[in-house]
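Below is one structure, written out as structure tokens; the observations come after it.
The values are calculated or read from the model by the stated rules, or taken from the named source; none is laboratory data. All of these numbers come straight from a predicted model, not from anything done at the bench. We place every Cβ from the backbone using ideal geometry, glycine too, and count neighbours over all the protein chains shown. Note: areas computed on protein heavy atoms with side chains; ligands, DNA, RNA excluded. Shrake-Rupley method; radii C 1.70, N 1.55, O 1.52, S 1.80 Å.
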Amino acid sequence: VEEHVTGELVTLNSPNLVDVIWGDARPPIPTSPFRVHPLEYAGMSLQQKVKRIRKEMKEKKATLSVFCTLDDVAYLLNVRATGDVECCPVGIAYATVSNEEVTLYCDERKIDDVVREHLKDVAIKPYDAIVDDVEGHLQSEKSKVWIDCGNANMAIVSIIPERALINSQNAVLPMKACKNRAEMEGMRRAHVVDGVAMAEFMAWLEHTVVEEGKSVTEVEIHERLTAYRAAQPGFIEVSFPTIAGVGSNGAIVHYSAQEGTDLLKSLDTTQPVLIDSGGQYVYGTTDVTRTWHFGEPADEFKTFYTRVLKGNICVDQMFFPENTPGFVLDAFARKALWDICKDYAHGTGHGVGAALNVHEGPISITPRWGNKEVLKKGMVVSNEPGYYKDGSFGCRIENLLEITHVNPDDNQESNDKNDEQKDKVFLKFEKLTLIPIQTNLIDNSIMTEEEMNWVDDYHQEVFRKLSPLLENGSSALNWLRKSCQPIDRSNKS
């Protein structure tokens, strides 16, 4: 008989076991410089954000708010950085807000004169000073520290006694998630230039593979696509390492192509390719997935491609009431696959930051019911159903969506409290992504007329917004015009 041993987790105040393991081999903390995120893209000043935080602190009777996640710090202070964390425009730092002071904890080398002037009302202290400062603040019996323990480290959380702890979602997270007008304009602009880059890239890729008969490696796909994005105004870096999976590699959801590995494949006309990629621009962040095939796809592939597309369309067309959590919508993305007893093993959508992290909380669209955060106006979320046949292929179609009101009048608060109809406010999605969907991969026989109209309407919008930015007679414009043609309905049975 096995003996069951019970126990409990205990806090080891010293030494930090991770430090012991690292020893002298631990790399130094990065010191990439901060840059100012302009007000024209931020939409709200540092002072305005602090005012809102202090208002909520008063309601919670908090005397100190502590911000530990890097995107919270960047958002609060209207700064960004490149180099500390790959593909994420954030810097290694903490921040605190008290009733008297705002403090940034970071390496001094991250602050140049321009940033220092921008942060003239902010105290700047060494990165490691935050623990001592929180301890010092707690010397008063009246101190109350507001911190989200689920997004903080043990070094800080462990020094806050229960009597002084306010453990809840911080005030920055909902501000950051619900984009203001300037932030949303920046996101729309980013998706326009991203669509231009993709049109230029796809024109090159299709010409190379189909017309020239050459094969292109997955690594070269990433390099070429990044180069086209880098030519766009305001580009900084990719928003995550490009996933370019040819054939069976497309079934590896987070595949990363590497030179010199046995997995590396080259694209030709015999296999599909799944390309999941995005860009970080000064004014916005993008994330898009398309699946392409330049030859004759098998009927099985077309079936799954079409059912994935149907799931994407179903979510895109949803109207849903306020206070709906993301998991409620997830089943609609899967229904077309469930109809043939198939599914995919990842979430349908994640929040996206505005010129910030491409994965942003607190929302998600997922079958996991643990996340009860509700979808709100101004949030940006991905819509990315997929299907993956191990050892054969993968297909995914992803757009980023803006959440907005169905009725524009709902943007204005009603004074008529007796009108019950006005109490029920509904939300919908507006597409941000502007990249065509390959229509000759669609099995029209399992598409409804409404779904085909959705595709045609989307392509009209894509062409209308992108074509003026492409050179007349260019291969990119020719590719875009061809890709945005209405679906051929002659083969619909």
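Worth a mention:
- Note on the stretch 455-492: residues that are within 20 Å of Lys310 (Cα to Cα) and in contact (Cβ under 8 Å) with a residue 40 or more places away in the chain total 10.
- Residue among Gly361, Gly351, Gly326 that is farther than 18 Å from Ile442 by Cα and touching an Asp or Glu at 6+ places or on another chain (Cβ under 6 Å): Gly351
- The residues of the stretch 463-485 that are under 29 Å from the mean Cα position of the chain (by Cα), assigned to a helix (DSSP H, G or I) and either surrounded by 12 or more Cβ atoms within 10 Å (Cβ to Cβ) or among the basic types (Lys, Arg) (or both), listed by number, are Phe463, Arg464, Lys465, Leu466, Ser467, Leu469, Ala476, Leu477, Trp479, Leu480, Arg481, Ser483.
- Unique residue being without any contact (Cβ under 8 Å) to a residue 60 or more places away in the chain and either touching a Gly at 6+ places or on another chain (Cβ under 6 Å) or open to solvent by less than 60 Å² (accessible area, probe 1.4 Å) (or both) when the list is Ile159, Ile166, Ile147: Ile159
- Looking only at the stretch 169-199, and only at residues there that are of a type in the set (Gly, Ala, Ser) and crowded, with 20+ Cβ neighbours inside 10 Å, the one that is farthest from Leu356 (Cα to Cα): Ala199
- Top-ranked residue in the stretch 235-282 [being under 21 Å from Val209 (Cβ atoms) and among the charged types (D, E, K, R); ranked as least open to solvent (accessible area, probe 1.4 Å)]: Asp276
- Restricting attention to the stretch 98-120 and to residues that are open to solvent by 70 Å² or more (accessible area, probe 1.4 Å) and outside any loop (DSSP other than H, G, I, E, B), the residue that is farthest from Pro33 (Cα to Cα) turns out to be Glu117.
- Residue that is farthest from the chain's Cα centre (by Cα), among those in the stretch 324-376 that are of a type in the set (Val, Ile, Thr) and more than 16 Å from Leu400 (Cβ to Cβ): Ile340
- Selection from the stretch 429-456 of residues that are open to solvent by 50 Å² or more (accessible area, probe 1.4 Å) and farther than 20 Å from Gln485 by Cβ: Glu430
- The stretch 53-86 - residue that is in a loop (DSSP other than H, G, I, E, B) and of a type in the set (Val, Ile, Thr) and, of those, surrounded by the fewest Cβ atoms within 10 Å (Cβ to Cβ): Thr82
- Candidates Thr291, Thr285: the one that is within 29 Å of Glu183 (Cβ to Cβ), open to solvent by less than 10 Å² (accessible area, probe 1.4 Å), modelled with pLDDT of 95 or more and touching a helix residue (DSSP H, G or I) at 6+ places or on another chain (Cβ under 9 Å) is Thr285.
- Qualifying residues in the stretch 160-215 (those that are of a type in the set (D, E, K, R) and in a loop (DSSP other than H, G, I, E, B)) - the one nearest to Asp148 (Cα to Cα): Lys179
- Test for Pro233: is it in a loop (DSSP other than H, G, I, E, B), out of contact with any Gly (no Cβ under 7 Å at 6 or more places or on another chain) and under 23 Å from Met187 (Cβ atoms): yes
- Meets criteria (touching a residue at least 40 places away in the same chain (Cβ under 8 Å), in contact with a strand residue (DSSP E or B) (Cβ under 8 Å, 6 or more places away or on another chain), open to solvent by 70 Å² or more (accessible area, probe 1.4 Å) and farther than 20 Å from Asn444 by Cα) for Lys342: no
- Scanning the stretch 437-453 for residues that are assigned to a loop (DSSP other than H, G, I, E, B) and touching a residue at least 60 places away in the same chain (Cβ under 8 Å) yields Ile437, Gln438, Ile442, Asp443, Met447.
- Any hit, the stretch 356-372, residues being small (Gly, Ala, Ser), open to solvent by less than 10 Å² (accessible area, probe 1.4 Å) and more than 30 Å from Ser215 (Cβ to Cβ): no
- Among the residues of the stretch 152-181, those identified as touching a helix residue (DSSP H, G or I) at 6+ places or on another chain (Cβ under 8 Å) and within 26 Å of His37 (Cβ to Cβ) are Ile156, Asn170, Ala171, Val172, Leu173, Met175, Lys176, Lys179.
- Of residues in the stretch 214-233 being open to solvent by less than 30 Å² (accessible area, probe 1.4 Å) and not charged (D, E, K, R), the one farthest from the chain's Cα centre (by Cα): Val216
- Residue list for the stretch 133-144, restricted to those being surrounded by 15 or more Cβ atoms within 10 Å (Cβ to Cβ) and outside any helix (DSSP H, G or I): Leu138, Ser143, Lys144
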